[in-house]
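One structure below.
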Amino acid sequence: MKKAVSRVYMALVFLFLYAPILVLVVFSFNDTDTKSRTVWSGFSLRWYEMLFEDRMLLEALRNTLIIAVCAAVGATVLGTVAAVGIHSMKSWRRKLVMNITNLPMLNPEIVTGVSLMLLMVFVANLFGVTLGIVSIILAHITFCLPYVILSILPKLGQMDPHLYEAAQDLGCTPVRSFFKVVLPEILSGVVTGMVMAFTLSLDDFIISYFCSGTTQTLPVFIYSMTKKRVSPEINALSTLLFAVILVLLLIINIRQGKMGKKAAKEANV
């Protein structure tokens, strides 16, 4: 009885989570006009064709991808360095720094967006520039950084602390020891943090809205469309983005699974 109830419960959870996405994917192939887009009228690829003809939408998508990639790379580099530094701290200092690091995650996003906007406006006025793609990238790096640090710290805790010292005893410089010994051990955490930073940056609206200036990202562009109409092209674009993220996550999970099996074999040997 308990197993049946738990299975029904899990089925309902997955239904509420993925039913909206399934509806979005199905209606991205709907052959209908913008007025009756909630009624199925037949299978068609017209919205995918129109998607690649909409210059403003494609420009917003291009800006979003550039920002997401730059923010993910920047947050991953800074987060890896920060995680290594935090891991080497004493217990009480580590707790203090982690509490400060986790504050942006606990802070309401609207507060984070307004505070980053004020900071970016101050810096922009200081250098005589306007808000744009650079300000969004810096803002996204800021709020993605804690997630990268939290992804890498557990891997550092699992690593043998003597490997780094042993590499230096064998003649490696500190930098070479990091890239030869530490980085391969924490690579799965680094990749996880980068993917998380990329996805968080990709769908962020509030911080992008406050710090965008003259640059328009995809979430901001979609929000501007809601004042009049949301074209079914958005269904097609969302389906493509969902497919890309899904494939990316599958590749990472398969790769991590193979690495885990390899590590288990080496441990048994």
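Just so it is clear, none of the values below were taken in a lab; they were calculated from the coordinates. All values reported here derive from a predicted model rather than from experimental measurement. Cβ: placed from backbone, ideal geometry, glycine included. Neighbour counts: every protein chain shown.
Things worth noting here:
- For TRP40, TRP92, TRP47, the sequence from fewest to most other C-beta atoms within 10 Å is TRP92, TRP40, TRP47.
- Here the label points at ALA166 and ARG93, each 7 Å from Cα along the C-beta direction, are separated by 2.7 nm in the simple model.
- Helix runs (DSSP H) in the chain reaching 24 Å along axis by Cα, Kyte-Doolittle at least 0.5: 2-27, 55-87, 109-127, 133-158, 183-202, 233-268
- Farthest toward the positive end of the dipole of the chain, out of ILE186, TRP40, PRO219, is the Cα of ILE186, where the dipole comes from beta carbon charges about the Cα centre.
- For region 51-106 versus region 143-203, the gap between their alpha-carbon centres in whole angstrom: 14 Å
- Of ILE206, VAL77, THR130, farthest towards positive along the dipole that unit charges on Lys, Arg, Asp, Glu beta carbons give region 57-268: VAL77
- In region 57-268, one over the average inverse separation of all distinct C-alpha pairs is 19.2 Å, which is the Kirkwood hydrodynamic radius.
- Sorted by Cβ density within 10 Å, fewest first, the residues SER115, SER91: SER91, SER115
- Taking the Cα centre of the chain as reference, the dipole from Cβ charges on Lys and Arg (+1) and Asp and Glu (-1) amounts to some 760 debye.
- Of ILE149, ILE254, ILE234, the residue with the greatest mean-square motion in the GNM of the chain, using alpha carbon springs below 10 Å, is ILE254.
- Per-residue [θ]222 nm for the chain (sum of -39500 (n - 2.57) over DSSP H runs n ≥ 4, rounded to 500): -26000 deg cm²/dmol
- Neighbour-count ranking [beta-carbon atoms within 10 angstrom, fewest first] of HIS87, HIS162, HIS140: HIS162, HIS87, HIS140
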